[in-house]
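Below is one structure; the comments refer to it alone.
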Amino acid sequence: MNNTIIYLIGHYGVGKLTIARAIAAATGARVFDNHLANNVIFSLIREDGKTKIPERAWDLIMTIRRQALVAMTELARPDASFILTNALMDADPMDRAAFSEVQAAAEQRRACFVPVTLVASDDAYDIRIPSPEREQRLKMTDAVGARKVRTTSQLLRVLHPHHLTIDTTDIAPDQAARMIIDHAERLA
(Lines give C-alpha, C1' and ligand atoms only; values in the text may rest on other atoms or scores of the structure.)
Protein backbone atom coordinates (compact mmCIF):
# COMPACT_ATOMS: atom_id res chain seq x y z
CA MET A 1 0.00 0.00 0.00
CA ASN A 2 1.37 3.36 -1.06
CA ASN A 3 0.03 6.80 -0.02
CA THR A 4 -3.30 5.51 1.25
CA ILE A 5 -5.43 6.80 4.12
CA ILE A 6 -7.82 4.25 5.57
CA TYR A 7 -10.40 5.67 7.99
CA LEU A 8 -12.01 3.02 10.22
CA ILE A 9 -15.33 4.24 11.61
CA GLY A 10 -17.46 2.29 14.07
CA HIS A 11 -19.11 2.22 17.44
CA TYR A 12 -17.12 1.53 20.62
CA GLY A 13 -15.85 -2.05 20.75
CA VAL A 14 -16.27 -2.94 17.07
CA GLY A 15 -12.54 -3.66 16.70
CA LYS A 16 -11.20 -0.53 15.01
CA LEU A 17 -7.81 -0.50 16.74
CA THR A 18 -7.32 -4.26 16.49
CA ILE A 19 -8.05 -4.19 12.77
CA ALA A 20 -5.89 -1.08 12.31
CA ARG A 21 -2.98 -2.88 13.95
CA ALA A 22 -3.49 -5.88 11.67
CA ILE A 23 -3.49 -3.64 8.59
CA ALA A 24 -0.33 -1.91 9.82
CA ALA A 25 1.41 -5.24 10.47
CA ALA A 26 0.61 -6.40 6.94
CA THR A 27 1.42 -3.16 5.11
CA GLY A 28 3.72 -0.96 7.19
CA ALA A 29 1.06 1.77 7.34
CA ARG A 30 1.06 3.98 10.43
CA VAL A 31 -1.82 3.88 12.92
CA PHE A 32 -3.38 7.04 14.31
CA ASP A 33 -5.94 5.62 16.72
CA ASN A 34 -8.38 8.24 17.98
CA HIS A 35 -7.21 7.51 21.53
CA LEU A 36 -3.74 8.83 20.74
CA ALA A 37 -5.39 12.26 20.73
CA ASN A 38 -8.16 11.49 23.23
CA ASN A 39 -5.87 10.13 25.90
CA VAL A 40 -3.72 13.25 26.04
CA ILE A 41 -6.80 14.95 27.49
CA PHE A 42 -8.48 11.92 29.11
CA SER A 43 -5.39 11.15 31.21
CA LEU A 44 -5.35 14.71 32.54
CA ILE A 45 -9.05 14.79 33.47
CA ARG A 46 -8.94 11.22 34.81
CA GLU A 47 -11.44 9.82 32.33
CA ASP A 48 -12.68 6.45 33.59
CA GLY A 49 -14.55 5.06 30.55
CA LYS A 50 -17.93 5.40 32.25
CA THR A 51 -18.45 9.06 33.21
CA LYS A 52 -19.68 11.60 30.66
CA ILE A 53 -16.78 13.53 29.18
CA PRO A 54 -16.95 17.34 29.47
CA GLU A 55 -17.81 19.01 26.14
CA ARG A 56 -14.75 21.28 26.35
CA ALA A 57 -12.52 18.18 26.26
CA TRP A 58 -13.67 17.44 22.70
CA ASP A 59 -12.56 20.89 21.47
CA LEU A 60 -9.11 20.25 22.87
CA ILE A 61 -8.98 16.77 21.34
CA MET A 62 -9.93 18.20 17.92
CA THR A 63 -6.98 20.59 18.17
CA ILE A 64 -4.63 17.66 18.74
CA ARG A 65 -6.19 15.70 15.86
CA ARG A 66 -5.80 18.67 13.52
CA GLN A 67 -2.12 18.97 14.36
CA ALA A 68 -1.66 15.25 13.63
CA LEU A 69 -3.28 15.77 10.22
CA VAL A 70 -0.84 18.64 9.56
CA ALA A 71 2.03 16.27 10.37
CA MET A 72 0.59 13.69 7.96
CA THR A 73 0.16 16.19 5.14
CA GLU A 74 3.26 18.34 5.60
CA LEU A 75 5.91 16.21 7.29
CA ALA A 76 5.29 12.54 6.48
CA ARG A 77 6.94 10.88 3.50
CA PRO A 78 4.82 11.16 0.33
CA ASP A 79 4.52 7.37 0.04
CA ALA A 80 3.48 6.83 3.69
CA SER A 81 0.09 5.28 4.39
CA PHE A 82 -2.07 5.78 7.47
CA ILE A 83 -4.94 4.07 9.25
CA LEU A 84 -7.14 6.31 11.40
CA THR A 85 -9.87 5.15 13.77
CA ASN A 86 -12.90 6.93 15.16
CA ALA A 87 -16.47 6.58 16.40
CA LEU A 88 -18.25 9.22 14.33
CA MET A 89 -21.96 9.95 14.77
CA ASP A 90 -24.11 11.27 11.95
CA ALA A 91 -25.86 13.96 14.00
CA ASP A 92 -22.69 15.39 15.55
CA PRO A 93 -21.29 18.40 13.64
CA MET A 94 -17.85 17.89 15.23
CA ASP A 95 -17.79 14.30 13.95
CA ARG A 96 -18.78 15.44 10.46
CA ALA A 97 -15.96 18.01 10.61
CA ALA A 98 -13.49 15.32 11.71
CA PHE A 99 -14.41 13.17 8.71
CA SER A 100 -14.15 16.13 6.31
CA GLU A 101 -10.76 17.08 7.71
CA VAL A 102 -9.37 13.57 7.19
CA GLN A 103 -10.79 13.49 3.68
CA ALA A 104 -9.20 16.90 2.98
CA ALA A 105 -5.85 15.64 4.31
CA ALA A 106 -6.06 12.70 1.89
CA GLU A 107 -6.83 15.08 -0.97
CA GLN A 108 -3.93 17.34 0.04
CA ARG A 109 -1.59 14.32 0.03
CA ARG A 110 -3.15 13.09 -3.23
CA ALA A 111 -3.67 9.85 -1.31
CA CYS A 112 -6.16 7.10 -1.97
CA PHE A 113 -8.88 7.68 0.66
CA VAL A 114 -10.67 4.57 1.91
CA PRO A 115 -13.41 5.15 4.49
CA VAL A 116 -14.54 1.90 6.15
CA THR A 117 -17.58 1.46 8.39
CA LEU A 118 -17.25 -1.41 10.85
CA VAL A 119 -20.36 -2.91 12.46
CA ALA A 120 -21.11 -5.89 14.70
CA SER A 121 -23.99 -7.56 16.50
CA ASP A 122 -25.12 -6.27 19.91
CA ASP A 123 -23.87 -9.51 21.50
CA ALA A 124 -20.40 -9.00 20.02
CA TYR A 125 -20.25 -5.44 21.31
CA ASP A 126 -21.43 -6.48 24.78
CA ILE A 127 -18.60 -9.02 25.02
CA ARG A 128 -15.90 -6.67 23.71
CA ILE A 129 -16.73 -3.43 25.58
CA PRO A 130 -15.83 -4.35 29.20
CA SER A 131 -12.30 -5.64 28.46
CA PRO A 132 -9.28 -4.85 30.66
CA GLU A 133 -7.33 -3.63 27.59
CA ARG A 134 -10.06 -1.09 26.83
CA GLU A 135 -9.95 0.10 30.43
CA GLN A 136 -6.15 0.49 30.30
CA ARG A 137 -6.46 2.56 27.11
CA LEU A 138 -9.10 4.85 28.74
CA LYS A 139 -11.80 3.61 26.35
CA MET A 140 -15.53 3.18 26.97
CA THR A 141 -16.02 0.09 29.17
CA ASP A 142 -19.68 0.50 30.09
CA ALA A 143 -21.56 -2.04 27.91
CA VAL A 144 -24.95 -0.59 28.88
CA GLY A 145 -23.85 2.94 28.06
CA ALA A 146 -22.29 1.81 24.79
CA ARG A 147 -25.51 0.03 23.82
CA LYS A 148 -27.45 3.22 24.56
CA VAL A 149 -25.14 5.15 22.22
CA ARG A 150 -25.60 2.50 19.48
CA THR A 151 -29.38 2.60 19.77
CA THR A 152 -29.70 6.39 19.92
CA SER A 153 -26.85 7.59 17.68
CA GLN A 154 -26.44 6.47 14.11
CA LEU A 155 -22.92 6.13 12.78
CA LEU A 156 -21.84 8.72 10.26
CA ARG A 157 -23.38 7.98 6.87
CA VAL A 158 -20.42 7.92 4.54
CA LEU A 159 -21.10 8.89 0.95
CA HIS A 160 -17.82 8.21 -0.81
CA PRO A 161 -17.12 6.03 -3.85
CA HIS A 162 -14.37 4.13 -2.00
CA HIS A 163 -16.53 3.37 1.07
CA LEU A 164 -16.62 -0.18 2.40
CA THR A 165 -18.75 -1.69 5.20
CA ILE A 166 -17.65 -4.80 7.10
CA ASP A 167 -19.52 -6.73 9.78
CA THR A 168 -16.89 -7.85 12.31
CA THR A 169 -19.21 -10.10 14.33
CA ASP A 170 -17.97 -13.43 13.00
CA ILE A 171 -14.66 -12.66 11.30
CA ALA A 172 -11.18 -12.45 12.75
CA PRO A 173 -9.42 -9.06 12.78
CA ASP A 174 -6.79 -10.37 10.33
CA GLN A 175 -9.54 -11.37 7.90
CA ALA A 176 -11.20 -7.94 8.16
CA ALA A 177 -7.79 -6.32 7.66
CA ARG A 178 -7.17 -8.41 4.54
CA MET A 179 -10.57 -7.40 3.12
CA ILE A 180 -9.71 -3.72 3.64
CA ILE A 181 -6.20 -4.06 2.19
CA ASP A 182 -7.54 -5.87 -0.88
CA HIS A 183 -10.19 -3.19 -1.35
CA ALA A 184 -7.60 -0.39 -1.03
CA GLU A 185 -5.21 -2.10 -3.44
CA ARG A 186 -7.97 -2.47 -6.06
CA LEU A 187 -8.60 1.27 -5.81
CA ALA A 188 -4.94 2.31 -6.13
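The values are calculated or read from the model by the stated rules, or taken from the named source; none is laboratory data. Quantities reported herein were computed from a predicted structural model and do not represent experimental measurements. Quick reminder, even Gly has a Cβ in these numbers, built from the backbone with ideal geometry, and neighbours come from all protein chains shown.
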Subset of the stretch 73-120 (residues that are buried (at least 21 other Cβ atoms within 10 Å of the Cβ) and free of Cβ contacts under 8 Å to residues at least 60 places away in the same chain) | Ala98
So which residues in the stretch 11-49 are at pLDDT below 95 and assigned to a loop (DSSP other than H, G, I, E, B)?
-> His11, Tyr12, Gly13, Val14, Gly15, Asp33, Arg46, Glu47, Asp48, Gly49
Selection over the stretch 148-163 where residues are among the polar types (S, T, N, Q), in contact (Cβ under 8 Å) with a residue 12 or more places away in the chain and either part of a helix (DSSP H, G or I) or buried (at least 16 other Cβ atoms within 10 Å of the Cβ) (or both) yields a count of 1
Count, please, the residues in the stretch 4-30 that happen to be closer than 16 Å to Ala105 by Cα and surrounded by fewer than 18 Cβ atoms within 10 Å (Cβ to Cβ).
-> 1
Does the stretch 34-44 contain at least one residue that is in contact with a helix residue (DSSP H, G or I) (Cβ under 7 Å, 6 or more places away or on another chain) and under 20 Å from Ala104 (Cβ atoms)?
-> yes
